[in-house]
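Engineer: Take this structure, written in structure tokens, and hold onto it; I'll ask about it next.
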Amino acid sequence: MYLTQGLHRALQRNSGMTALTHVSDSGVRRQTHVQLAGSVARQAAALARRGIARGDRVALLAPNSDQLVRAILACWWLGAVACPLNVRWSTPELAHALQDSEASLLLVDDSLLTLAPAGETPLLRLGALEEEAAAMEPLADTRTGGDALAAILYTGGTTGRSKGVMLSHANFWTASMTRGAELNNAPDSVSLLVAPLFHVAGLGRLVGQLIVGGSCVTMAQFRPAAVIEAIAEHRIGDIIVVPSMLQSLLDDPSFTAERVRSLTRIAFGAAPMPPDLLDRALAAWPHAEFFQAYGLTETAGAVCINLPANHRPEARALGRLNAVGRAGLGAEIIVADESGRELPRGEVGEILARGPMVMQGYWRNPEATAAALRDGWLRTGDAGRMLDDGYLFIVDRLKDMIISGGENVYCAEVEAALRSHPQVRQAAVIGVPDVRWGEAVHAAVVLAGEGAATADELRAWCRERLAGYKCPRGVSFMRELPLSAAGKVLKNVLRERVQA
């Protein structure tokens, strides 16, 4: 159960098959499995010569690329811990992660050298590492695995300082098995890695492809026209998106169903999928499997999958479209009260998860670890309800819940009502301080196209669909919402903008 195992298996089965392709404006680079394994073994040797040993943390600051993939694999080959950092962070945020992780080395892409913090952590360009490695003798794989740390992934930092999530080889392996048990991952599949590898969705998808010996295509950033071209050129079969990315693909002038017909599996998450957008996508890809995945950085990937059958129009009457699915293989999930006691089906409480995919804890943060892991259960911080058939529905993030006049207001419910307005493209709801009610519901709205809806119109729209206390008292109109690299609304940034 070590994360380089799939590469060894691929060498036996399909050594000449393309393992890794990088697509950029300057061209295309390809490597077969045998070429990839050789590069990784030599990079591991180069890291070892620089003093990196088993258990050492190696930070990586780079957009998605074949270079980044090789460097991560070299860390695992050597037994080191990969710490991919968010390329959208500021220099002080990066400095915090370097100091917190006690990284022995920072590997940096040339495009991000000016962002890299100056400090005690030695810095090496990714390109320089590859140049050094070219002259090295390959190092034998240490086959480090099991409970040994594979990665420290820093959470998005939507509240306070980011925490380093400790994920082992076994955590990643199990999460991939959980996904694969629900939806078979074919060894000849081609997956587009455009979701950042510093997030668990991207890194977990890489692991899944490694395990089965599949092929990966990397792109540094999501640009709709370039993604459409890559799908057509490289016969990409699966992709992970958030709904806004899917909408951007469908809206792009270069989009045609013929160009993207190779896509047979489209996973989405991080935000609700509007039914009208799903209908557009189903019409464009009538043969594709659409499914929603629910998981956290702390679970190394998905613990629930809402299967493709539940997204087809003929299944909508079952009411499962907005579910995130049922507990996957190896995962236990309950909805509990504040004491951790399971609630009756249908009641709203906190979602707790347990299983071998759950993190070891937060790096150098025993207080946060103790708060998150109680009696073997991970407290997700998500509010949800579970039906009698085991289907789980997300109600909201508990920290985003608004308490107004003693009533709980779940932001996702208000956001859904706003998004159903024909002139609203995006909506996010937050609580703002209110002298009378404690907190008041406030909506930030991005209008679609030439939309001219007013605040009064949107409040009236909500009053037709929601209880009065749930309706926004204030509305801010924005050109765009602040989003994380994973496509989630940064509500701490939104609060600052609204209150300013």
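Throughout, read-outs are computed from the coordinates displayed, never taken from laboratory work. As the structure is a prediction and not an experimental result, all values here were calculated from the model. So basically every Cβ, Gly included, is an ideal-geometry build from the backbone, and we count neighbours across all protein chains shown.
Engineer: Do any cysteines in the chain lack another Cys Cβ under 4.7 Å, and if so which?
Structural biologist: Result for the chain is 75, 83, 216, 304, 411, no neighbouring Cys Cβ within the cutoff.
Engineer: If you stretched the chain out fully between residue 135 and residue 493, how much longer would it get, using 0.36 nm times the residue separation minus the C-alpha to C-alpha distance?
Structural biologist: That pair, residue 135 and residue 493, stretches by 124.2 nm at full extension.
Engineer: Suppose every Lys and Arg Cβ carries +1 and every Asp and Glu Cβ carries -1, with no other charges. What dipole size does region 311-397 come out with about its Cα centre, to the nearest 20 debye?
Structural biologist: So the dipole magnitude of region 311-397 works out to roughly 300 debye.
Engineer: Around residue 485, with a cut-off of 13 angstrom between Cβ atoms, what is the net charge of the other residues, counting Lys and Arg +1 and Asp and Glu -1?
Structural biologist: +1
Engineer: What is the distance in Å between the Cα centroid of region 225-274 and that of region 281-347?
Structural biologist: 21
Engineer: Taking volume of the Cα convex hull per residue in Å³ as the quantity of interest, determine which of (1) 131; (2) 161; (3) 153 was computed from the displayed structure.
Structural biologist: The value computed from this structure is option (3).
Engineer: So, counting K/R as plus one and D/E as minus one, what does the shell of residues with Cβ under 13 Å around residue 336 add up to?
Structural biologist: -2
Engineer: Name the residue farthest towards the positive end of the dipole of the chain from the options 319, 55, 24, assuming +1 on Cβ of Lys and Arg, -1 on Cβ of Asp and Glu, about the Cα centre.
Structural biologist: Farthest towards the positive end: 55.
Engineer: Right, something else. How large is the dipole of region 5-221 about the Cα centre if only Lys and Arg carry +1 and Asp and Glu carry -1, each at its Cβ, rounded to the nearest 20 debye?
Structural biologist: Dipole about the Cα centre, nearest 20: 360 debye.
Engineer: At R0 = 35 Å, how high is the FRET efficiency between residue 95 and residue 259 if r is their beta carbon distance? Nearest 0.05 is fine.
Structural biologist: My answer for the efficiency is 0.25.
Engineer: Here's something else I'd like to know. Provide the per-residue ³J(HN,Hα) series for region 304-310, in order, calculated from phi with Karplus coefficients 6.51, -1.76, 1.60 and θ = phi - 60°, each as a whole number of Hz, with x at glycine and proline positions.
Structural biologist: With coefficients 6.51, -1.76 and 1.60, one gets 9, 9, 8, 5, x, 4, 6 Hz.
Engineer: Shifting gears a bit: Tell me which of 96, 200, 427 sits at the most positive position along the dipole axis of the chain, charges placed on C-beta atoms (Lys, Arg +1; Asp, Glu -1).
Structural biologist: 200
Engineer: Another question about this same structure. Enumerate the calculated ³J(HN,Hα) couplings along region 5-15 in order (Karplus 6.51 cos²θ - 1.76 cosθ + 1.60, θ = phi - 60°), each rounded to whole Hz, writing x wherever the residue is Gly or Pro.
Structural biologist: Residue by residue, region 5-15 yields 4, x, 5, 5, 5, 5, 4, 6, 8, 9, 4 Hz.
Engineer: How far is it, in nm, from the label point at residue 53 to the one at residue 12 when both lie 7 Å from their Cα along the line to the Cβ?
Structural biologist: Going by the 7 Å Cα→Cβ label model, 3.2 nm.
Engineer: Which lysines, if any, have their Cα less than 25 Å from the Cα of residue 163, not counting same-chain residues under 8 positions apart?
Structural biologist: Cα-Cα hits under 25 Å: 399, 488, 491.
Engineer: What is region 401-499 by shape, rounded, prolate or oblate, if you read a ≥ b ≥ c off the alpha carbon gyration tensor as root eigenvalues and call it rounded for a/c under 1.5, prolate for a/b larger than b/c, and oblate otherwise?
Structural biologist: Since a/c reaches 1.5 but b/c is at least a/b, the shape of region 401-499 is classed as oblate.
Engineer: Then there is this: Tally Lys/Arg at +1 and Asp/Glu at -1 over every other residue whose Cβ is under 15 Å from the Cβ of residue 42; what's the total?
Structural biologist: Neighbour charge sum, excluding residue 42 itself: -3.
Engineer: In angstroms, what radius of gyration and Dmax does region 275-334 have, counting Cα atoms only?
Structural biologist: Every Cα atom of region 275-334 included, Rg and Dmax give 12.7, 36 Å.
Engineer: Could I have the simple spin-label model distance between residue 436 and residue 252, label points 7 Å from Cα toward Cβ, reported in nm to one decimal?
Structural biologist: The modelled label-to-label distance comes out at 4.9 nm.
Engineer: How far is helix 169-182 tilted off the main Cα axis of the chain, in degrees rounded to 10, range 0 to 90?
Structural biologist: With both axes taken from Cα atoms, the answer is about 60 degrees.
Engineer: Same structure, new question: Within the chain, what percent of beta bridges assigned by DSSP are antiparallel, to the nearest 5?
Structural biologist: So the antiparallel bridges amount to about 60 percent of the total.
Engineer: Size of the dipole of the chain about the Cα centre, Lys and Arg at +1 and Asp and Glu at -1 on the beta carbon, nothing else charged, in debye to 20?
Structural biologist: Rounded to the nearest 20 debye, it is 300 debye.
Engineer: Right, here's the next one. Work out the FRET efficiency for residue 28 and residue 374 from their Cβ-Cβ distance, taking R0 = 45 Å, and round it to the nearest 0.05.
Structural biologist: With a Förster radius of 45 Å, E is 0.40.
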